Every structure is written in structure tokens, then in C-alpha cells.
1. To the nearest 0.05, how large is the calculated FRET efficiency for Lys383 and Thr410 if R₀ is 22 Å and r is the Cβ-Cβ distance?
2. With both partners inside the chain, how many of the DSSP beta bridges are antiparallel, as a percent to the nearest 5?
3. Out of every Cα-Cα pair in the stretch 282-427, what percent are more than 22 Å apart?
4. Are there any GluC sites (Glu not before Pro) in the stretch 9-75 that are in a DSSP loop and have at most 15 other Cβ atoms within 10 Å? List them by number.
5. Which of the listed residues, Ile220, Met279, Met263, is farthest toward the dipole's positive end in the stretch 201-290, when Lys, Arg count +1 and Asp, Glu count -1 at the beta-carbon?
6. Where does the chain land at 222 nm, in deg cm²/dmol rounded to the nearest 500, when only DSSP H runs of n ≥ 4 count, each adding -39500 (n - 2.57), divided by all residues?
7. Over the stretch 285-325, what relative contact order in percent results from Cα pairs under 8 Å that are six or more residues apart?
8. Given the options Ile166, Ile244, Ile12, state which has the largest fluctuation in a GNM of the chain using a 10 Å cut-off (strictly under) for Cα springs.
Amino acid sequence: MNEHDSFRMMEILSTLGFERTQEIGDASLILVNTCSVRHNPENKVYSFLGMLDKLKRRNPALIVGVAGCVAQQSGEAILRRARVVDMVFGPDQMFRLPEMLDAVQHGERIAWTEWQDVRGRVHNFIPGEWLERGHLDGCIAFIAISKGCSNGCAFCIVPQARGREISREPDNILEEARALIAKGAKEIWLLGQNVNAYRAGDTRFIDLLDAVSQLDVRRIRFTSPHPMDWDDALSDLMAARSNICSYLHLPLQSGADRVLEKMNRRHAIAEYLNKVCYMKRVNPAIEISTDLIVGFPTETDAEFEDTLRVMTEVRFSQVFSFKYSPRPGTRAADWPDDVPRTVKEDRLARLIAVQDAINAEQKARYIGTEQEILIDGTHPKHKNVSSGRTDGYRPVSVAAEGLAVGQIVTVRINGVQGHWLTGEHEA
Ligand code: SF4
């Protein structure tokens, strides 16, 4: 969602005549879009702002803004702590960038963190004039179908940083999707902090996904769903529609029921496993990734072993794993952070080792198969090699000449390099 917001900001700035620089020293405006979901990224914001201080001394006309979740939560405190900053604004203020820049250019230092005035659960929070300009990064489009979250997971700062959950009207979303397809989108991502809790009147997430899958688009993905709001009908729809990709990021967080309950995740492990089992039965090609936290307050060794057991049973395609760190303002921040740092580090290392072994085995099974790949750019390290993704969201580097972004090609997988599959395409 943050990346999506960054692209939106670039679009807004381009209408004001700004262009993206390749060198930070050439910039006349720097916007730092921030994430507060963990402690580390928040610390990095202030060290990065310290670095910008030097740039501003060399170029006093440089404008520096801080956006995103840290901005929403800290507001004016950022202006007080970092003299280099001219403007601070939360996600709901993003579309007012032209006004904000105007205020700064007239000598003001501002912190705009008000929430949009929304009554009820449904609100078209993308202003009408921006619908036609939905964000398209090469051939991949991101559409925010909802924002915020009304759940109260004990570790999570999103409800405070992004507000309560608001869904957009389906027609408004479909209008944006059609505009993006007309511009050349081959893949659409539906985004929401709790994407499958989407609800606009009688329209549920499954109805919206069904409607989007009937548009002329080759690939559809969505993130992130909550296991509590997942049901078998969604698995059936994914299996039935060839343009809904066989990839699901389904955050688990812990493999132990007691820890899940303490986290206020509101589902049990058996329920998660039953849903995954059904999904794999109706769609054997499905790849499932997840988020896991180690060292949540009171997590025992045995409960951590339960997490490893669930990983071994589900065999995730990717795990985003984190050592727990308390976020001020969350419920868990009031509890003792009682799992020692060394224990958290040891658990994380063991978890990564288990996942690496699973992943190595999964990737090896791709060798010799043919995969449909959407070419989305160039390999970050090899300029003459194209990059793309399988339907199941595995990154693939493709050694072939003349491939264009947006092309969908059949690739024979011939190897593995780090987390990439490698392959060849014959024209
Ligand atoms: Fe945070 Fe996701 Fe829980 Fe919402 S459902 S509170 S976004 S972890």
C-alpha cells in the first residue's frame, strides 16, 4: 500500500511539472514515505532525515516532506525533531499535495494529518479526477479497494496509522480497473489492509473479485486477506477463473492457538489448515505465502515448535518473518516484551532455515517445467536478462532477446539462482 501511495504521489507531482531524478543531490523536493509497522523502519526515517540535513545546507531551497504512517502518528513532533522537514502529511492528505507545496513555498512548515471526513463504511476515497489516472507501473496496476482496518490485532499499528476500514463502491473500482486496462495493464492487484473484509452494501469481496475477473485482464492478484474472512467459496472462485492467479498471501503470524488468541487474530490453527487444505484440493497449483512473528510476548519454545510444524505442513512458498518488536500505541506494547533478544534471534534463524529447505525443494521441482511468465522488467543485477513472475508469483529471470515489458511468454525453467528461477524462452 505504501508503494502504491508513493507512485500516486509521483503522479500528482508530475501534474505539477516535477520529474523524477536519478540522483538525490539533484532533487528540489524529497518526499520520505514511511512505514511504522516495525520499529526499525521508523528509526531509519530519522537517520535518513539527518542525511537530508546536509543536502539542505547545500541547497536551502530543497523541500523535504514526510508522508505515510510515521507521519500520520507523529505529526508535528517530526517538525520539532527534524528541522530539515518542511511538511508532514498522513495518507488521507496525499491528494492535497499541490496545496501543501503551495503553503511550503509561501514559507510555512506544516503537519496535515487529519482523516478524511467519512460517514459510514463506504466512501470513494480516490478523488474522481484521479480515477482515470490509476497507477500503472509498466504492465502492473494497483487498485486500493479499501483502506484502513477495523480489526484489533494486538501487535499491529495499522488501525491507528491508517484508520478504520473504509471500502470503495464497486462501480468506482471497476471504472478505475477499466481505465488501467485501457492503458495496457496486464496484471491488476486489488489492495486492502484486510482485503477480503471488503464490503460495500451487498457487495462482498467475492462479488468484487468475480466482477474484476470478468474484465479483459490476463492476471489478477490481491493482498492481504485475513484467514478469519477467508472461505471455501473464495478458493472455488480462484480455482474457476483462469485470470485469478494461483497465489495467495495468507498471514498466519503464529502456529500456536494460544498465541493467536493473545494476538487477537480470531481464528484457530485447525481452521487455517482446513481452509488451506480445501484450497489445495480445488487448486493444486496454488502457492501460498505468509507472515510469521517470532518471540511474541509469552511465546514458549513449544509454541514456536508449533509454528515450525505448521510451516512444514503447509509448505509456504515464501515466509515474511519478523522478530517481535513492540509498537507504541498497540495493545501488546503494554505487555512485557519477555522473550529475550537472543531467543528471538535463535527462533528466527531456525524458522528461516526450515523455510529455506522447503523453498529449495519447491524450486527444484520447477526445473524442466514450462511456465507462463509475465515479463515485468529487467533483472536487477543482469541488464541483458528480463525478469517476470510465474502465475504463482515466483520470480524468474529469462535469458532471451527482444522481450518487452507486458509480454506473456512460455518459459522453460532450467535452474535456480538464489530466490530466482532461471529460464529460457524460444521466440
Ligand atoms: Fe493489522 Fe492486518 Fe490485524 Fe488489521 S488484520 S489489525 S492490518 S494485522
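1. Details: r = 23 Å, r/R0 = 1.06.
Efficiency, rounded to the nearest 0.05: 0.40.
2. If I count the DSSP bridges inside the chain, around 40 percent turn out antiparallel.
3. 52 percent
4. Glu19, Glu23
5. Comparing the listed Cα positions along the dipole, Met263 ranks first.
6. Helix-only estimate at 222 nm: -11000 deg cm²/dmol.
7. Details: 36 pairs, mean separation 28.2, N = 41.
Computed over the stretch 285-325, the figure is 69 percent.
8. Looking only at Ile166, Ile244, Ile12, the biggest GNM fluctuation is shown by Ile12.
Computed from the coordinates by the stated procedures, all read-outs in this text should not be read as laboratory data. Every value quoted in this text rests on a predicted model; they were computed, and no experiment measured them. Glycine gets a Cβ as well: all are built from the backbone with ideal geometry, and neighbour counts include every protein chain shown.
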